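Undergrad: Have a look at this one.
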Amino acid sequence: MNSDVIVYEVKTVKNPYERMENVVEIEGLKKSYENGKIKALDGADLKIKKGEFVSIIGPSGSGKSTLLNMLGALDQPDEGKITVSGHDLTKTKDLNHFRSKEIGFIFQLHNLIPNLTVLENVEIPMYESRLSSKKMHERALKLLDYVELQEKASRKPTQLSGGERQRVAIARALANNPSIILADEPTGSLDSKTGQIILQRLKEIHEKEKVTLIMVTHDMNVASMAERTIEVLDGKIKT
Amino acid sequence: MNLYKLAFNNIRRKKLRSALTTLGIIIGVATIVVLLGMAAGATSEVQAETNAYMYDVVVIPASTSGNYLMDSQTVSKIRNLSMLYDFREVTVFYDTINGTRVNYEGVNDWNKLKLKSGTQGVVINQAVADKFGYTIGSKIKIKNKEFTVTGISTEEGAIYVYINQDTAKQLTEGKVSAIYAQTKGDPKTVSNDIEKQITDVSAETKSEKVAKVQEMTSQAMLFIGFIASIALIVGIISVINTMLISVMERTRELGVLKAIGFTNWEIKGSILFESGLLGLLGGIVGVILGIVGIFLAANMLKFTESISGMMPPWLIVGVIVGVTVLSILAGLYPAMQASRLNVVEALRYD
């Protein structure tokens, strides 16, 4: 990672006192599927402070991905309250705008768009920010420089290794200076060595920018890199 | 970078599929352009000819009379009517040669008949030349009188022999198929008077005749347009199919776009843009091929003089705009499907 590059154009945490503020507040969150037969979340409560690095662990089907989807406003709860970056997500109407402005997603399978170049993949979230093409281009190049992939900007994702694709996904997640980065098993599809490199990069971003980083994993070793680990079991959160 | 470039890239990414989808539109558009172009050309030609040849009224035997020729007494009565002047008569009759029916047409203005070879006088068309092996100088019997073939016309189709109108009238003992005339006063009133004063004839005014021709050509255009549209509909269905497959294949990609903040309207817009682009490309290529087809067909049918009438601007612009709009409409259902995708499920899609 090129640590000289300024990734965030706005500071996520301006002073140490800000770290006392909660960026995520969840109360009695419930979510079920298949007409209530599957209870993914069953009254979950959680608070995460601004600038914290939290890992969410739990076995398959425990509800950790559902929790992450709720935090990213990709899904709506059946009951309960969820506030992220000051937005009550049960009441916010323009969730697209919220996601674009506040959240940076990193998926397990990178989910890059195959027929766009690496540079265009990083640019695409900025389309919603209404930046000029020139500024989008400059910022995307800066982010690619940060993840040391500037020389591969014109390549297609299929021409990159798994680790490189995930680094592009990190650059894309940072595009709109999000206040929260949500990473869903970011090392799940990588070998352990590449996975470690990706985790180091995420940790460095968190430490340098003090951005709130919430990472879902089922791997205890990966989870141990976070400042705090939350366990989700049978739809409930154990802290 | 925006969603429209993404739509454009999607077409480029699946070149063969896009090409095959566009091919359906190209075939439909080219068929429409050729058929409607030919029909438009024929229509303008027929209308121009109708306008040029027609006098104020035309008097023909009434269909109820059972005759196709007016006898000399009826002709005299018509010619003696004071409200008519500047007459032109046409006699068309048939006879047989070796048991085959041959049509004979009296010609007033030989300049209107295009000759392949020879001179005016007794002109056979190519069908007669082929059927009976006649050539210039051949002897031909019409109503038991011998004539010498003087020329061969470029006309094709039915078996026709063209002779002077005076000769044709003589051979039929003064009978006439139609009398064209100018009128003193309102043509409609005059035509009514003719029908009242002379029995077993029908009089039509120029405007009625032109309207009839226009109605016939419009009906022909409508029918041809309908047939050609079927080819286009097949092309449009292939757009729906392609876009549905594209949405299905790109489910995860669409999920990502929604996750990073793109709205349902933006997703819909990108799908509609993509389908519209397929239609526009197919429309442009189809029109170009259609124009080539018109040139080929006009040359084959020897209609080269009518080529400009076969490519009216309304047809070219109408077809391109029409097919683009239809393709956008074809993208509506796939676009709705794309916008309705559940983000979480789309991101899990394999």
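Undergrad: When the Debye formula is applied to the Cα atoms of the range A:152-212, each taken as the same point scatterer, what base-10 log of I(q)/I(0) results at q = 0.23, 0.28 Å⁻¹?
TA: -1.01, -1.28
Undergrad: Shifting gears a bit: Ignoring ligands, DNA and RNA, what accessible area per residue does the protein assembly as shown give at 1.4 Å, in Å²?
TA: Ligands and nucleic acids excluded, the result is 48 Å² per residue.
Undergrad: To continue, here is another question. With no solvent and one equal point scatterer per Cα, compute the Debye intensity ratio I(q)/I(0) for the range B:161-252 at 0.11 Å⁻¹ and report its log10, rounded to two decimals.
TA: With no solvent term, the Cα-only Debye profile gives -0.63.
Undergrad: Does any residue of the range B:229-262 lose at least 30 Å² of accessible area with all protein chains in place compared with its chain alone, and if so which ones (probe 1.4 Å)?
TA: For the range B:229-262, once contacts with the other chains are taken into account, B:Arg252, B:Glu253, B:Val256, B:Ala259, B:Ile260, B:Gly261, B:Phe262 lose 30 Å² or more.
Undergrad: Also: With every protein chain kept in the model, how would you rank B:Met216, B:Met221 by accessible area, 1.4 Å probe, largest at the top?
TA: Numbers: B:Met216 130, B:Met221 40 Å².
Putting B:Met216, B:Met221 in descending order of accessible area: B:Met216, B:Met221.
Undergrad: Further question: Note the per residue figure in Å³ for the convex hull of the C-alpha positions in the range A:24-72.
TA: It comes to 74 Å³ per residue, whole-number rounded.
Undergrad: Write down Rg/Rh for chain A, rounded to two decimals, with Rg from the C-alpha atoms and Rh from the Kirkwood relation over Cα pairs.
TA: 0.96
Undergrad: What does the convex hull of the alpha-carbon atoms of the range B:123-204 project to on average, in nm²?
TA: 7.5 nm²
Undergrad: Kindly give the semi-axes, whole Å and largest first, of the ellipsoid equivalent to chain B, taking each as the square root of 5 times a Cα gyration tensor eigenvalue. Working shown, then result.
TA: Details: eigenvalues 766, 114, 41 Å².
Three semi-axes, in Å: 62, 24, 14.
Undergrad: Rounded to the nearest 20 debye, what is the charge dipole size of the protein assembly as shown about its Cα centre when +1 sits on each Lys and Arg Cβ and -1 on each Asp and Glu Cβ? The partial results should precede the final answer.
TA: On the way: 68 positive and 63 negative charges, 159 e Å.
About 760 debye.
Undergrad: Counting only protein heavy atoms, probe 1.4 Å: which residues of the range A:110-129 lose 10 Å² or more of accessible surface in the full assembly compared with their chain by itself?
TA: By number: A:Asn111, A:Ile113, A:Pro114, A:Asn115, A:Leu116, A:Glu120, A:Glu123, A:Ile124, A:Pro125, A:Tyr127, A:Glu128.
Undergrad: Residues of A:95-103, mean number of Cβ from any other protein chain within 10 Å of their own Cβ, rounded to a whole number?
TA: The per-residue average across the peptide is 4.
Undergrad: Now, a different point. For n ≥ 4 DSSP H runs only, could you compute -39500 (n - 2.57) per run for chain B, divide by its residues and tell me the 222 nm figure to the nearest 500?
TA: After summing the helix terms and dividing by the residues of chain B, the value is -20000 deg cm²/dmol.
Undergrad: Distance between Cα centroids, the range B:135-209 to the range A:54-123: provide it in whole Å.
TA: 86 Å
Undergrad: When the solvent-accessible surface of protein heavy atoms is calculated with a 1.4 angstrom probe, in what order do B:Met248, B:Met311 fall, highest first? Kindly include the intermediate steps, with their values, before the conclusion.
TA: Values: B:Met248 105, B:Met311 45 Å².
Largest accessible area first, the residues go B:Met248, B:Met311.
Undergrad: Rounded to the nearest 500, what is chain A's calculated 222 nm mean residue ellipticity when only DSSP H runs of at least 4 contribute -39500 (n - 2.57) each, over all residues? Don't jump to the answer; show the numbers that get you there.
TA: Numbers: 7 runs with 71 residues, N = 239.
Roughly -9000 deg cm²/dmol at 222 nm, from the helical runs in chain A.
Undergrad: Search the structure for amide H atoms under 5 Å from the amide H of B:Met70, placed 1.01 Å from N in the peptide plane, and list their residues when 5 or more places away or on another chain.
TA: For B:Met70, the qualifying residues are B:Val176, B:Ser177.
Undergrad: Once phi is turned into θ = phi - 60°, what whole-Hz ³J(HN,Hα) does the Karplus curve with 6.51, -1.76 and 1.60 give for every residue of the range A:152-157, x standing for Gly and Pro?
TA: After applying 6.51 cos²θ - 1.76 cosθ + 1.60, I find 10, 4, 8, 7, 8, x Hz.
Undergrad: Report D for the protein assembly as shown in µm² per second (integer): Stokes-Einstein, Kirkwood Rh on Cα pairs, 20 °C, 1.002 mPa s.
TA: The calculation lands on 70 µm²/s.
Undergrad: If the only charges are +1 at each Lys and Arg Cβ and -1 at each Asp and Glu Cβ, what is the size of the charge dipole of the range B:116-231 around the Cα centre, to the nearest 20 debye?
TA: I would put it at about 320 debye.
Undergrad: Which of the residues in the range B:1-47 lose at least 30 Å² of accessible area when you go from the chain alone to all protein chains together (probe 1.4 Å)?
TA: B:Met1, B:Leu6, B:Asn9, B:Arg13
Undergrad: Can you give me the long-range amide H partners of B:Ser138? Hydrogens built in the peptide plane at 1.01 Å from N, cutoff under 5 Å, separation of 5 or more residues or another chain.
TA: Amide H to amide H, under 5 Å and 5 or more residues apart or across chains, B:Ser138 pairs with B:Val149.
Undergrad: For the pair A and B, how large is the buried accessible area, both sides, in square angstrom to the nearest 100, if the probe is 1.4 Å?
TA: 2100 Å²
Undergrad: List the residues whose amide H sits under 5 Å from the amide H of B:Ser117, counting only those 5 or more places along or on another chain, with H placed 1.01 Å from N in the peptide plane.
TA: B:Ile152
Undergrad: Ignoring ligands, DNA and RNA, what percent of the accessible area of the protein assembly as shown is carbon or sulfur (1.4 Å)?
TA: 55 percent
The values are calculated or read from the model by the stated rules, or taken from the named source; none is laboratory data. The shown structure was predicted, so the numbers you read here are calculated from the model rather than taken from an experiment. Ideal geometry is used to build each Cβ from the backbone, glycine not excepted, and the neighbour counts take in all protein chains shown. Remember, those area values only see protein heavy atoms, side chains included, never the ligands or the DNA or RNA. Shrake-Rupley method; radii C 1.70, N 1.55, O 1.52, S 1.80 Å.
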